[in-house]
Structure formats: structure tokens, C-alpha cells
Amino acid sequence: EGNTIVELIQNNLDAIKEQSERTGAPILQHLNHPNFTYAITAEDVIQVNGERFFEVFNGHPYVNNYGDSIHSSTEEMWDEVNIAYIQAGKPLLYGLATDDSHHYHKFGSRYSNAGRG
């Protein structure tokens, strides 16, 4: 729940942290594929607290890892967020690469296959 993208992200991070503390089980939370339909910006991630990872690459064919003429690539976003985090005294975000595999019996550039992360 939340009224803005930042509130939604923050509320999810807080809920995951709370569950980890309640159960005593470590949970490595992260915001999935920020450039999927360009839904999340570096400015959004800069405003949240508790994020420790950044998905620099996602192997799903609909994720815009490389950006376009008006959107930053995920690598550029990661740099922007880490620069802001350094300036704010927040811990740096570790980079992740994932396959985001969904298709295991069909292969090709239109499918989300293993081995791309």
C-alpha cells in the first residue's frame, strides 16, 4: 500500500524487514527490475531507506536494461543512486544480475530464459 511509488517501495522494504526480525530469518530484499516499463527512477530509489541491492541487469526481454534516449540505463541509475547514497551517508547498494527465468522449454530472444544474468 502507498500513495506514491516511493511509499510503495518503502512500505514493502519495511514489511520485509519486520518479517525478518519477527522470524529471525535473514531476508535479502531488493527491488526487482527498476527499468521494467520504466516504472521506477533513480530519484525514487534515492528516497527509500533500507535498500541494499540494485538489479543492474535483468535477463527478461521486456526489461529496459540499456535505457533509451530519454531514460537512464540501469547501470546509470545504479551510479546515480550510489552517488546520492554516498552524499547522504547511506550504505552503498550492491549490484545484482538476474536471469528472471520464466521459460524453460522455449528458447530465443523473445523469451525469458536462464543463463542471461
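Working only within segment 1-26, note down all residues that are surrounded by fewer than 12 Cβ atoms within 10 Å (Cβ to Cβ) and not small (Gly, Ala, Ser).
Within segment 1-26, Glu1, Asn3, Thr4, Glu18, Glu21, Arg22, Thr23, Pro26 meet the criteria.
Out of Glu76, Glu51, report the one residue that is open to solvent by 70 Å² or more (accessible area, probe 1.4 Å) and acidic (Asp, Glu).
On inspection, the qualifying residue turns out to be Glu76.
So which residues in segment 73-117 are more than 21 Å from Leu28 (Cβ to Cβ), part of a loop (DSSP other than H, G, I, E, B) and modelled with pLDDT of 95 or more, if there are any at all?
If the condition is that a residue be more than 21 Å from Leu28 (Cβ to Cβ), part of a loop (DSSP other than H, G, I, E, B) and modelled with pLDDT of 95 or more, then Ser73, Gly89 are the ones that fit.
Taking interchain pairs and intrachain pairs at least six residues apart, which have beta carbon atoms under 7 angstrom, with the first residue in segment 89-117 and of a type in the set (Lys, Arg) and the second open to solvent by less than 50 Å² (accessible area, probe 1.4 Å) and at pLDDT 80 or above?
Arg110/Pro61; Arg116/Gly59
Could you check Tyr62 against (1) aromatic (Phe, Trp, Tyr); (2) surrounded by 13 or more Cβ atoms within 10 Å (Cβ to Cβ); (3) more than 13 Å from the chain's Cα centre (by Cα) and say which number it fails?
Exception for Tyr62: condition (2).
Given the condition assigned to a loop (DSSP other than H, G, I, E, B), closer than 23 Å to Asp99 by Cβ and touching a residue at least 24 places away in the same chain (Cβ under 8 Å), answer yes or no: does some residue in segment 43-52 qualify?
yes
Quick one: is Asn35 of a type outside the set (Lys, Arg) and either surrounded by 13 or more Cβ atoms within 10 Å (Cβ to Cβ) or under 13 Å from the mean Cα position of the chain (by Cα) (or both)?
Spelling it out, Asn35 is indeed of a type outside the set (Lys, Arg) and either surrounded by 13 or more Cβ atoms within 10 Å (Cβ to Cβ) or under 13 Å from the mean Cα position of the chain (by Cα) (or both).
Would you check if there is a residue in segment 39-56 being modelled with pLDDT under 95, touching a strand residue (DSSP E or B) at 6+ places or on another chain (Cβ under 6 Å) and over 21 Å from Ile27 (Cβ atoms)?
Within segment 39-56, none of the residues are modelled with pLDDT under 95, touching a strand residue (DSSP E or B) at 6+ places or on another chain (Cβ under 6 Å) and over 21 Å from Ile27 (Cβ atoms).
The values are calculated or read from the model by the stated rules, or taken from the named source; none is laboratory data. Since the structure is predicted, the reported quantities are computational estimates derived from the model, not experimental observations. Cβ atoms come from the backbone with ideal geometry, glycine included; neighbour counts cover every protein chain shown. Just so you know, the surface numbers come from the protein's heavy atoms only, side chains and all, with ligands and any DNA or RNA stripped out. Shrake-Rupley method; radii C 1.70, N 1.55, O 1.52, S 1.80 Å.
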